[in-house]
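Structure first, commentary second.
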Amino acid sequence: MSEAISILPLLLVLLPTLGTAAVVFAARYGAQARSQVTNLVMFVTFVAACWQFYLVQQGTVLVYALEGFMEFGLRWRVDFVGAVFSVVVTLVWFLATVFARDYMAHEHHQTRFFAFWTFTLGGTVGVFVAGDLFSLFLFFEAMTFAAYVLVIHEQNRETMQAGNVYLYLSIAGGLALLGVIFLMQFVAGATGFEPALHLILAKGISPWLVMVMLIGGFGVKAGMIPLHIWLPKAHPVAPAPASAVLSAIMIKTGAYGFLRMLYVVLSVPDGNPLFIFQQNFGYLFIWIGAITMFVGAIMGILNDSMKRVLAYSSISQMGYILFSVGSGVLLGSRGAFGFAGAWMHMINHAFFKSFLFLLAGAVYLHTGELDLDRLGGLRKQMPIALGFFLVAAASITGIPGFNGYVSKIVIHEAILEAYHLLHWPSLLWLERIFVITGGLTAAYISKIWLKTFFGKPKQDWSGVKELSLSHRVVFGVYVAISLIIGLSAQRAIDRLVIPAAKLLPFDQGDIAHLGHVPFWGRAELLSPVTSYVIAAAVLFLLWKFGHKIKIPRWLSVEYLVYRQFYNLCRMGILGLVYLADNWLPGRLSSLSRAWRRVDQVTQETKAQIKRWRPPKVKLVSATDLMKSWRPPKVELITATDLMKRLEEAGEKERERPAVWRVKEGELSRRIQEIREEWHKREELIEDRIYDVVEGIPRGNTEEKTKKSLEERVRELAEWSAARKFNPYWNTKNLGFDAWIVAIVIALILFVFLVLR
């Protein structure tokens, strides 16, 4: 494809970014003016995205660059993939904006909400038109920080906590992505989307290090398990329009990053010796996707808040996309179906998930309730909303004729093709997980509309009104999109998927096969039947035994991993603060005093050295020395004095044994006293041990020694008959010991598995 320099990608980003100032300015003239300007900015951005798509569809790649920006440069490059999703992003954002006018009419800080709402669109659409990883990173972070304000809009305790979790994980992911940028700049001298796996290995860097950082960078936004914990916290507290774009659009930025990096940057031809790395990456992502979609569906079934169920649904649906991405990467040039399934499901999920969140917002707007256990019986008051809910449910569960059916058939074909080409038994089990998850999806979606619109009303809904005209128009557009894609499935693949697949080096036979997908075959048409049979069984079990299922608060990734890590970091920071406030000043003061003393001694020593003069030595001749010499005086001792001294010395020697005998007696008494003291201490310790182990006082041991053996045996038998249970061996202590043993065994098993 030819490239053409065009300012249109830059304009697509600047329109909503600079439109933020227009929204704030229009708010000075009232809510009506602000709403009109916001809608105008969104509509003009959507028109610009459509014009960009028209130009790219003609076979032209649009490029633009601001050289020298932060030494790296800021680049835009719009191919077919970026152009299609730019249209999807701006269309969903425009529909959500129209819906938000009525929804936010009674909310506080509306100007702030719509200003950041508009700015967030600029960062989001910038991700999909970025020309290199550095530009993508800048728009990625702008989107992250702007969306934080949308999450915490209510400004209560719950929203602030959810916003903090979202922000912490997003910043950590951004830092991981920044590390990938540094590595790419080091190994390739640029951060463009070009094959670089061989360059990474040539520099001696492990590709798995790059993969771990990529998962940390894009996995947070994609909502993959275990980086998903911000989604079920942020969606229930954010306004419904914000939840719609967070779930339908923003999490796609993570999937889009994986598409660019795995299918381009970390890919090699099939015959290349490095292809084993690509296969391992693909197999890893299949398992990540399978776990994410299955666990997300289970958590959706077990929750009873409508928006929380939809939040876990988003996690599960992102699992479908990652599952398909892994299938395509695993097969290399034969992975066209994996890429097609992921790409098509990204488009479909953007529509039906924003549709569902806006419907949830409409129910909340009219009833003020989102708890499924407090809803019920709304089919009489809101029959049109029920119809829209059924269309959205049919889309997400893959009913033939609706858009979700198209992408799920392609994903299923992708995993089956991987199994037929590689014959790995694990791939067949992964396909079964895919089928079961489809049934779980039907279960939690059916639970939503059954509990909301059917059953006995839990409250008086007589004052509830039907959807407004503007909301009906918005939902009507969603219905039209779902039916157009679903009823013309092969046409949608031909127009939206095959041109994108041709950008990558896939096998031409597989691309041709994409033009003849058996959407209307018997097995494909019966697949939703399987899903709803599984759903019926799950809902029946939930109806019978759901009240007995209680998930403990500690049984979560957040509590077991993230909260413990957070507490550890917090303790470390508090420890550093304590050291800085208390210990460190004292040590610095001591060091300062010691240094001053050393310096003082040094200065004194230097001064003494300067004052020192060598002593004057007077030379003496041998003659003078002989003249001054005098013989030493010698004391003469008589025989009487000598005998007296010898007698005194003998007397002292005779007195020494008597002194030692006295000291020996004192030492013996002291040793005896120490022995008696230790003997008493041993008896006290034995009594204490007896009390703890046996549970009763030991009693007086001296009295026991006086009793006969027969009396002691009789007393022991009577005590055994009346003996109470030892309080030490109670349930609490045993449970604590059991936990300690379990933790030790778990650590041993973990070390064994890691080092095996």
query = Does region 480-518 hold any residues that are hydrophobic (A, V, I, L, M, F, W, C), buried (at least 18 other Cβ atoms within 10 Å of the Cβ) and closer than 19 Å to PHE402 by Cβ, and which are they?
reply = ILE481, ILE485, ALA489, ALA492, ILE493, LEU496, VAL497, VAL517
message = Suppose the filter is small (Gly, Ala, Ser) and surrounded by 17 or more Cβ atoms within 10 Å (Cβ to Cβ); does SER470 pass it?
response = no
ask   = Got at least one residue in region 241-256 being of a type outside the set (Gly, Ala, Ser) and outside any helix (DSSP H, G or I)?
value = no
request  = Restrict the check to region 92-100 and report whether at least one residue is buried (at least 20 other Cβ atoms within 10 Å of the Cβ), in contact with a Leu (Cβ under 6 Å, 6 or more places away or on another chain), hydroxyl-bearing (Ser, Thr, Tyr) and under 24 Å from PHE475 (Cα atoms).
outcome  = no
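Considering only region 361-374, state which residues are surrounded by fewer than 23 Cβ atoms within 10 Å (Cβ to Cβ), out of contact with any His (no Cβ under 9 Å at 6 or more places or on another chain) and hydrophobic (A, V, I, L, M, F, W, C).
Start the filter on region 361-374 by keeping residues that are surrounded by fewer than 23 Cβ atoms within 10 Å (Cβ to Cβ), which leaves 364-374.
From the residues that got through so far, the ones that are out of contact with any His (no Cβ under 9 Å at 6 or more places or on another chain) too are 364, 366-374.
Those that are surrounded by fewer than 23 Cβ atoms within 10 Å (Cβ to Cβ), out of contact with any His (no Cβ under 9 Å at 6 or more places or on another chain) and hydrophobic (A, V, I, L, M, F, W, C): LEU370, LEU372.
Can you give me the ranges of the helices (runs of 4 or more DSSP H) entirely in region 376-487 with at least 3 residues that are more than 21 Å from TYR320 (Cα to Cα)?
Working: elements: 383-397, 403-422, 425-453, 469-487.
Where helices (runs of 4 or more DSSP H) fall fully within region 376-487 and carry at least 3 residues being more than 21 Å from TYR320 (Cα to Cα), they are 383-397, 425-453, 469-487.
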task = Say whether the condition of being under 25 Å from the mean Cα position of the chain (by Cα), surrounded by 24 or more Cβ atoms within 10 Å (Cβ to Cβ), modelled with pLDDT under 95 and closer than 23 Å to TRP461 by Cα is met by at least one residue in region 331-343.
result = no
message = One residue is enough: does region 60-74 have a residue meeting the conditions farther than 30 Å from PHE182 by Cβ, hydroxyl-bearing (Ser, Thr, Tyr) and not in a helix (DSSP H, G or I)?
response = yes
message = Checking the structure you have, find out if any residue of region 388-408 is over 23 Å from THR437 (Cα atoms) and either touching a residue at least 12 places away in the same chain (Cβ under 8 Å) or surrounded by 24 or more Cβ atoms within 10 Å (Cβ to Cβ) (or both).
response = yes
ask   = Residues in region 129-147: is at least one assigned to a loop (DSSP other than H, G, I, E, B), in contact with a His (Cβ under 8 Å, 6 or more places away or on another chain) and of a type outside the set (Asp, Glu)?
value = no
ask   = Among the residues of region 180-196 satisfying the criterion of being of a type in the set (A, V, I, L, M) and part of a loop (DSSP other than H, G, I, E, B), which is modelled with the lowest pLDDT?
value = ALA190
ask   = From the set of residues in region 215-234 that are in a helix (DSSP H, G or I) and surrounded by fewer than 24 Cβ atoms within 10 Å (Cβ to Cβ), which is modelled with the highest pLDDT?
value = ILE215
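If you scan region 519-535, which residues turn out to be free of Cβ contacts under 8 Å to residues at least 40 places away in the same chain and not charged (D, E, K, R)?
If we filter region 519-535 for residues that are free of Cβ contacts under 8 Å to residues at least 40 places away in the same chain, which is where we start, we get 521-523, 526, 529.
Residues satisfying the conditions are GLY521, ALA523, LEU526, VAL529.
The values are calculated or read from the model by the stated rules, or taken from the named source; none is laboratory data. This structure is a prediction, so every number in the text was calculated from the model and none was measured. All Cβ positions, glycine included, derive from the backbone under ideal geometry; neighbour counts span all protein chains shown.
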